[in-house]
Each structure stands twice: as structure tokens, then as C-alpha cells.
Amino acid sequence: MFSGVLTALVTPFNDGVLDERALAELVELQIEAGVDGLVPCGSTGESATLSHAEHRRAVEVVVAVARGRVPVVAGTGSNSTQEAIELTRHAKEAGADGALLISPYYNKPTQAGIVAHYAEIARETGLPLIVYNIPGRTQSNILPETMARLADIEQVVGVKEASGDLQQVAKVIALCPDEFSVLAGDDALTLPMLALGGEGVISTSANVAPSEMVEMGRAWRAGDVERARALHYRLLPLFEVLFCETNPIPVKAAMALRGLVGEEIRLPLTPITQPNRERLQVVMKELGLV
């Protein structure tokens, strides 16, 4: 259902307030660059420090500006099943095409609990759901066998797989139905996952270099392996530097360098350190992004 390059949008702020104008401009830039979907209010969108009102408003703005030109998959995850249901219901009412839900963090449910969590959200909302598996943030890995159980739930249509384990990714693809979309959650693993049978990526780097990310994916799908590989290696320094500190610290700094949004970020995240800022500037200059 969802494939290609979906951009994990940053959330712009201005003096502590959601910058709706900058967010709207970012949506337009992404669509003009040819991305296949937009994902507001994920980890890259600082969802953990958005108020519920800000979270809802960000989804509403993105849906309204997108106007159906590309799918909008709203981040609605929580380690509280009830809270996730409420956020997902709102996304559906706002007109989102789907929802991305992180596996419950901190309380570390069992594999059975993870299945029950998503099954309840699916039952209560009826919205297409993408599972988000990122053990580095949740300390709880969704095993391939568990993913296969989740894929049996009608509304669970895909996974953003960010375990960093290509063997696990291969097993997920092998165990799940062909129509289940396996999307990369690590930009640097986009091409390897496409080679394994993945459908695309939910990308942080696409905030900064959307056209290049789109071209890499389309080159692969067109059978131009050499072009896809060349773009992967061209973008590899960007993939690395955008995760030199906790996401989205570097990507916000990168976007500020391009004049796309302000660099403002919310505590407990802090602005990028000067050595990494200088490193980021060098990489972006070499890529012609500044």
C-alpha cells in the first residue's frame, strides 16, 4: 500500500511554537521533489515533546497542504495503547491515509503484548497501520515471527524496519505476504533493503535531499542498478553525518543551513555541537546542498 520514499518530516518551531507556515512550505517542497509520501509527527518530528494539541495540528496542516497529492502517514505511536488509539482516530478524522506506530517503549511488552497492542488499535480505528520497529529507541525488538502475526491483521499493512539487522529484514520479507510493505527505517540501508525485496524507505535524509533519495529508489525500480548504487555512495556521507548525534538534531541543523526551517529544537535535545556542525557543513557543501 505504501512504497517509495516517504519523508519523515521535521517539525519546525518558532519561539517555542509550531511554525505552521514553515511546515506548509516544507510539504510543498517535498511534493515538488517527487516524494511518494509524508510522515509527520514521527521521531524525526520530535513527537515525544509535542503536546497533543500540537501533534494534532501538525497532522492537520500536512494533510491540508498535501491535498491528496501524496499519501500522509501520521505518526500516532505511544507506549499507551489507549493514547495511540486516540491519536490514530484523530489522524483518520483529519484525513490521513495511514498511521505509523512505534512499538511500545519503556514498558517493554512481550511479543504477545506487542501483537495485542496493534490488534487493538486496528480494531478501534480501522486505519491502515505501519508498524515501527526500532529497538534502539524501544529496547524491544519485534521478531520476524511476530511481524508475520501482525501482517495477518487486515489493517496492518507494513513495517518501518529499523533494527539494522539485514538478516532479520530478509526473514520478515520471507515470512510476510507479498502485499505487506517492508520499508527501511535507516537511510543507509535503503538500497540493501530494496535488494532484499523491500518497498522503500521512511527517510530522515529526504528532508535535506529529497530529489536524490527519490532518484535512487526510482533508479533501482527501473533496473538501473549502477545508477542506484552510485547515488547510494554519493549520499552515504550525508546518511552518516545526519546521525552523528541523536536524530533530529543534525537534520534540523542541515535544514537550517539550507534556509528551509529554523534550527530550533526542544529539550532534552540540544543544538548540534560545533565540531559536528562543521562536519555537516563540509558534507553538504561537497554534495552541493549549500
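With both labels modelled 7 Å from their Cα along Cα-to-Cβ, the Arg227 to Leu175 distance reads 3.6 nm. If you take the Cα centroid of the range 206-236 and the Cα centroid of the range 54-84, the two points sit 27 Å apart. When you work out D = kT/(6 pi eta Rh) for the range 1-79 at 10 °C and 1.306 mPa s, using the Kirkwood radius from C-alpha pairs as Rh and the Stokes-Einstein form, the result is 127 µm²/s. If R0 equals 25 Å, the separation of the Cβ atoms of Leu269 and Ala53 corresponds to a calculated FRET efficiency of about 0.80.
Per-residue ellipticity at 222 nm, computed for the chain from helices alone with -39500 (n - 2.57) per DSSP H run of at least four residues, works out to -14500 deg cm²/dmol.
Given Cα pairs under 8 Å that are at least 6 residues apart, what percent is the relative contact order of the range 4-222? Normalised by residue count, the contact order of the range 4-222 is 20 percent.
Fewest-first ordering of Glu179, Glu161 by other beta carbons within 10 Å of each residue's beta carbon gives Glu179, Glu161. A Förster distance of 22 Å, applied to the separation of the beta-carbon atoms of Asp152 and Gln82, puts the FRET efficiency at 0.40.
Take every DSSP beta bridge whose two residues both sit in the chain; close to 5 percent of them are antiparallel.
Laboratory data are not the source of any read-out in this text; all were calculated from the coordinates shown. Please read all numbers here as calculations on a predicted model, not as lab measurements. Please note: Cβ atoms are built from the backbone with ideal geometry, for glycine as well, and neighbour counts cover all protein chains shown.
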